Amino acid sequence: MSTNPSKIFVARLIGLDVFDPLGDRLGRLRDVVVLLRPGARPSVMNRPLVVGLVVEVLGKKRVFVPMTRVTSIDADQIISTGLVNLRRFEQRGAETLAVGELFDRTVVLLDGSGTATIEDVAMEKSNNRGDWVVSQLFVRRSEATGGLIRRRNQTLIVDWEDTDDPSNAGHQPATQWISQHEEDQAADLADELRDMPDKRKLEIAGELQDERLADVLEELPEEDQVFILTHLDNERAVTLLEEMDPDDATDLLNELPEAEAERLITMMEPEDAEDVRRLREYEEGTAGSLMTPVPIVLSPEATVAEALAHIRQEEIIPAAASAVLVCRPPLETPTGKYLGFVHTQRLLRYPPPEAIGNLIDRSIEPVSDQASLADVARELATYDLTILPVVNDQDRLVGAVTIDDVLDALLPDDWRTYDDGTPVRKVGKRYE
């Protein structure tokens with residue numbers, strides 16, 4: 001039988017499954033919500049109240065489960081009961097996320113020994129009513145002095161009331177948060193960032209590697225993309241635009257004031273800037289505005305081995321890797337005459353030395369760069385394709401539209417968010 005420990009550290013809970021009393025899985029724990037009391041004098045009575053859990057349910061959606069519904073916590077699982085509102089979690093007022101906002105904060109130790117960084121938070125029941133509070137912090141002291149000995153990176157556990165109020169902290173590193181999420185998909189990171197305060201978004205963006213941040217930006221809503229990009233220095237903003245797929249970078253630049261967009265494009269590498277400028281010339285909703293100008297393009301003399309080597313490149317998305325486009329030189333878009341394409345599946349059926357010019361599928365017609373979104377979507381659906389070549393009026397390949405480009409354009413602007421009207425459902429009904 002599960003029991004409630006007198007004290008438990010939050011980092012050990014993250015990722016645990018949350019169940020109802022019948023054993024049906026509700027979701028997975030992603031964070032703990034606490035209420036800080038800014039300005040209050042540190043004391044046992046003013047310890048932050050733990051008000052609930054953030055649980056990731058079906059579809060990567062995050063919902064709030066009040067601590068009053070939590071009946072048991074142990075090292076393997078969390079059990080909840082009652083009704084759970086499946087409306088998307090939205091942070092309010094003085095609510096603070098333990099992992100998202102407390103971890104990595106710097107606090108002052110009131111014993112005069114210096115400052116420390118929060119690495120974990122302990123919570124425990126404080127009274128007979130079953131209220132949970134933050135009681136202790138696991139911290140790493142960057143430097144402390146004891147007699148003649150200087151101790152660096154010392155870890156220790158301190159009571160909450162023996163530190164200053166971390167809500168007064170200035171810049172907060174994101175090292176530990178990033179480390180805990182290094183295996184997450186870019187879309188999942190974007191989902192977490194979107195719900196954070198603006199200050200925390202910038203702190204995390206400041207520490208993410210350029211390539212990683214570029215991937216995350218591509219998954220964020222437009223307003224968050226613009227907010228982060230415009231709060232970075234020009235050099236890094238340009239680097240991120242160069243790391244992004246040209247079509248995504250173009251979409252982001254189109255959200256900026258024209259003068260600002262033009263200034264950033266001017267600072268980009270000429271090759272990257274040229275791709276963006278070409279895409280910006282197309283009218284919104286056309287194949288030219290949706291396409292990527294850098295699909296896999298090879299000459300008919302290239303071999304199956306060469307084609308597969310291009311497909312295996314890590315930066316090639318699955319949709320773009322489903323086919324190799326074959327053209328006469330030059331092979332940089334706009335290319336020479338477009339000849340056709342070869343499906344990856346077909347490449348796998350032929351020996352490595354075979355020339356791909358012998359394998360070309362000419363049955364699928366490319367679309368014009370002026371074709372409408374509806375025409376592009378119809379072609380992809382009719383022939384069960386994930387990629388469609390795009391040519392100009394001279395029959396030169398200028399790019400390719402992938403299925404994800406079309407879905408992004410067809411779905412509503414707020415497709416990354418959930419409707420607020422999600423009904424309340426009983427915990428215990430299996431829906432995963």
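The values are calculated or read from the model by the stated rules, or taken from the named source; none is laboratory data. Quick caveat, the model's predicted, so the values are computed rather than measured. Glycine also receives a Cβ, built like all others from the backbone with ideal geometry; neighbour counts cover every protein chain displayed. These accessible areas exclude ligands, DNA and RNA; they are computed on the full protein's heavy atoms, side chains included. Shrake-Rupley method; radii C 1.70, N 1.55, O 1.52, S 1.80 Å.
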Taking the chain and counting helices only, DSSP H stretches of n ≥ 4 at -39,500 (n - 2.57) each over all residues, the nearest-500 ellipticity at 222 nm comes to -7500 deg cm²/dmol
Computed log₁₀ I(q)/I(0) - Debye formula, equal Cα scatterers, no solvent, the range 8-97, q 0.13, 0.20 Å⁻¹
-0.44, -0.94
Of the range 278-307, those with amide N under 19 Å from the point 7 Å along the Cα→Cβ vector of A374 are 283-290
If I model a spin label as a point 7 Å beyond the Cα along the Cα-Cβ vector, how far apart are those points for D404 and I317 in nm?
0.4
Contour excess over end-to-end distance, with Cα ends at N153 and E183 and 0.36 nm allotted per residue:
8.2 nm
With Cβ to Cβ distances under 12 Å as the rule, what net charge do the other residues near K125 carry (K, R +1; D, E -1)?
+1
Along the charge dipole of the range 8-97, Cβ charges K/R +1 and D/E -1, which of L22, A94, S80 sits furthest on the positive end?
A94
Which length gain, in nm to one decimal place, applies between M267 and I14 when the Cα-Cα distance is subtracted from 0.36 nm times their residue separation?
86.9 nm
Starting with the highest mean, order 281-293, 187-199 by the number of other Cβ atoms within 10 Å, averaged over the residues of each peptide.
281-293, 187-199
Accessible area (Å², per residue) of the range 174-281, counting only protein heavy atoms and a probe of 1.4 Å
47
Potential lengthening between R37 and L83 on full extension [0.36 nm per residue; Cα-Cα distance subtracted]
13.7 nm
Lys pairs, the chain - Cα-Cα below 21 angstrom, 8 or more residues apart or on other chains
7
With a 1.4 Å probe and every protein chain kept in, tell me what percent of the accessible surface of the range 248-288 is carbon plus sulfur.
44
So for R0 = 22 Å, FRET eff. of L348-E301 from the Cβ-Cβ r, to 0.05, ends up at 0.65
What does the charge count around D74 come to, taking other residues whose C-beta lies under 12 Å from its C-beta (Lys +1, Arg +1, Asp -1, Glu -1)?
-1
Roughly how many Å² is the accessible area per residue of the range 8-97, as a whole number, for a 1.4 Å probe?
45
